[in-house]
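Read the structure below first, then the notes.
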Amino acid sequence: MPRLSWDAPEWHPTIDSTNLEALRDPRPGRVVVADHQSAGLGRRGRSWPAPPGSALALSVVVPAPAPSLLGWVPLVTGLAVAQALSHSRYAVPTVLKWPNDVLARDEGDWRKVCGVLAQAVPDNPAGPVVVVGAGINVDQLREDLPVPTATSWRLARAGAGGAILPDGAREELVDDVLGRLADLVTDLAGAGPAYRKLCSTIGARVQVHLPGSGTATGTAVDVDDAGALVVEGDDGRRTVHLAGDVVHVRPAG
């Protein structure tokens with residue numbers, strides 16, 4: 001498959017939602033970026049609030065892969081963000097929390113710095129696509145964050161002894177994410193090893209919260225070839241969980 005190429009990013013100072021804007025004209029390769037969203041979207045209908053100018057929202061339109069690889073699209077988007085954050089000139093340590101969070105090290109803890117939302121468009125006139133968005137906390141201070149388990153690129157930098165992000169850092173980050181994501185989406189079937197290496201969920205004791213208040217508790221032992229989480233219970237039985245069927249994955253106990 002030829003390497004995926006992107007259109008020139010469409011930058012907006014503010015917008016309702018970059019995913020909603022991409023969905024209005026979901027042509028493959030489209031890129032929508034905003035410094036603020038008035039109606040930012042999260043997984044399962046959750047909102048994603050951030051003070052104006054403090055965050056970065058990035059949505060792209062990806063040609064839909066084979067159904068067996070569809071679950072990898074949001075996973076590799078998180079991987080591209082994590083790699084860009086940890087390898088940029090303004091690097092911070094990162095790991096991935098399956099299925100849709102990027103965590104950065106801040107004051108000794110791993111805290112959420114980015115979330116990912118993917119929305120399939122199977123009946124698109126230009127062919128089936130996936131609109132996938134990443135909401136990155138960039139410049140928030142501690143009091144700007146909605147929960148204590150969140151952080152921002154700026155806070156993670158400060159905690160690691162780094163300087164405050166200069167002008168132009170956002171543009172560099174977007175370019176870096178897009179370059180890495182193009183490579184990963186072009187070879188979804190080969191993205192597994194890099195994802196698993198960075199995924200802190202694998203090996204952890206977890207409780208998987210399912211729709212209807214059901215739960216599955218055990219050790220996360222793998223992310224399979226479809227991008228699903230494999231959990232081994234205390235009885236040795238393994239269960240497989242697709243991201244779309246999961247409400248939360250949290251540490252057990």
Virtual spin-label span in nm between Ala160 and Ser86, 7 Å along Cα→Cβ
1.0 nm
Order by protection proxy (mean Cβ within 10 Å, highest first), peptides 216-222, 98-104
98-104, 216-222
Highest average packing first - 109-121, 63-75, Cβ atoms within 10 Å
109-121, 63-75
Of Ala126, Ala156, Ala182, the one that fluctuates the most in a GNM where the chain has Cα springs shorter than 10 Å:
Ala126
Connecting C-alpha atoms closer than 10 Å in a GNM of the chain, tell me which of Ala82, Ala55, Ala194 has the biggest fluctuation.
Ala194
If amide hydrogens are placed 1.01 Å from N in the peptide plane, which non-local residues have theirs closer than 5 Å to the one on Gln37?
Ile15
Can you work out ³J(HN,Hα) from phi for every residue in region 76-82, in order, using Karplus 6.51 cos²θ - 1.76 cosθ + 1.60 and θ = phi - 60°, giving whole Hz and x for Gly and Pro?
6, 5, x, 4, 4, 5, 4
Probe 1.4 Å, heavy atoms of protein chains only: per residue, the accessible area of region 205-247 in Å² is 51 Å²
Pop out the ³J(HN,Hα) list for region 94-106 in order, Karplus 6.51 cos²θ - 1.76 cosθ + 1.60 with θ = phi - 60°, rounded to Hz; leave Gly and Pro as x.
9, 9, 10, 10, 4, x, 9, 10, 10, 10, 10, 6, 9
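The values are calculated or read from the model by the stated rules, or taken from the named source; none is laboratory data. Since the model is a prediction, treat every value here as computed from it, not as a measurement. Here Cβ is always computed from backbone atoms with ideal geometry, including for glycine, and neighbour counts include all displayed protein chains. Accessible surface is based on the protein model in full, side chains and every heavy atom, while ligands, DNA and RNA are left aside. Shrake-Rupley method; radii C 1.70, N 1.55, O 1.52, S 1.80 Å.
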